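The values are calculated or read from the model by the stated rules, or taken from the named source; none is laboratory data. If you're wondering where the values come from, they're calculated on a predicted model, not measured in any experiment. Ideal geometry is used to build each Cβ from the backbone, glycine not excepted, and the neighbour counts take in all protein chains shown. Accessible surface is based on the protein model in full, side chains and every heavy atom, while ligands, DNA and RNA are left aside. Shrake-Rupley method; radii C 1.70, N 1.55, O 1.52, S 1.80 Å.
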Amino acid sequence: MKGLFITLEGLDGAGKTTQLHKAAELLRQQGYEVVESREPGGTELAEQVRALVLDSALPLNNTTQTLLYLAARSEHVDKLLRPALEAGKIVLCDRFSDSTLAYQGLAAGKTLEELQELRQLNAFATEGLVPDLTLVLDGDPKLLLKRRDARGVTDRYEEQGLELQYKLRSAFTALAEAEPERMRIINAEGSTDQVNAAIMAGINDFLERMQ
């Protein structure tokens, strides 16, 4: 089987990290080789960029944030993602290019039509790598905010509160509606097991169709 690239996207507090680990373990039990990663991050350089872009004490304009994310993504793709995919592994990644389109694009005031420049920059940074399947964890920002607050505010985006989260929810919904064959919305308001079941149903359905 050729490698498969699956990403988890969505709001802060939606449980992406927890769900990614659970999905990876279940896929390994099915006999698949699985690589877990995250963005920004995944390589030594990208993790250092992560510390910069998420540091709320460091003022960064939207363009600077975008370029830093793309630099980290270029390293991530080159050093980790593409080699794993070429080796036939399933890659599960917590965020990828859709987060850039949502955070630095739609939530920053751009329209879907105005995302073309961002898409071109992302294609350059990734050399055209696009996820095979993207699962968008969606829910009421007020509910997800309670979960997020339980672990404390940690970065520049989380400090912006509900207003940004509502913008992001609209952004991810718009992106998913524009690419329904690749992006699926998962209800993240249920229990961890309920959300995991929905995620695995989506992944297994995709795997069956790919075989």
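Values for this structure:
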{"read-out": "Cα-Cα separations in the chain greater than 28 Å, expressed as whole percent", "value": "23 percent"}
{"read-out": "Charge context of M183, other residues only, Cβ under 10 angstrom, K/R +1, D/E -1", "value": "-3"}
{"read-out": "Rg(Cα)/(2.2 N^0.38 Å) for segment 46-85, N = residue count", "value": "1.29"}
{"read-out": "Gain in span if fully extended, Q48 to E189, counting 0.36 nm per residue against the direct Cα distance", "value": "47.6 nm"}
{"read-out": "For segment 61-211: accessible area per residue (Å², 1.4 Å)", "value": "48 Å²"}
{"read-out": "For the chain, calculated [θ]222 nm from helices alone, where every DSSP H run of n ≥ 4 adds -39500 (n - 2.57)", "value": "-15500 deg cm²/dmol"}
{"read-out": "Rounded accessible area of S99 (nearest 10 Å², 1.4 Å probe)", "value": "10 Å²"}
{"read-out": "Gain in span if fully extended, Q30 to A201, counting 0.36 nm per residue against the direct Cα distance", "value": "60.2 nm"}
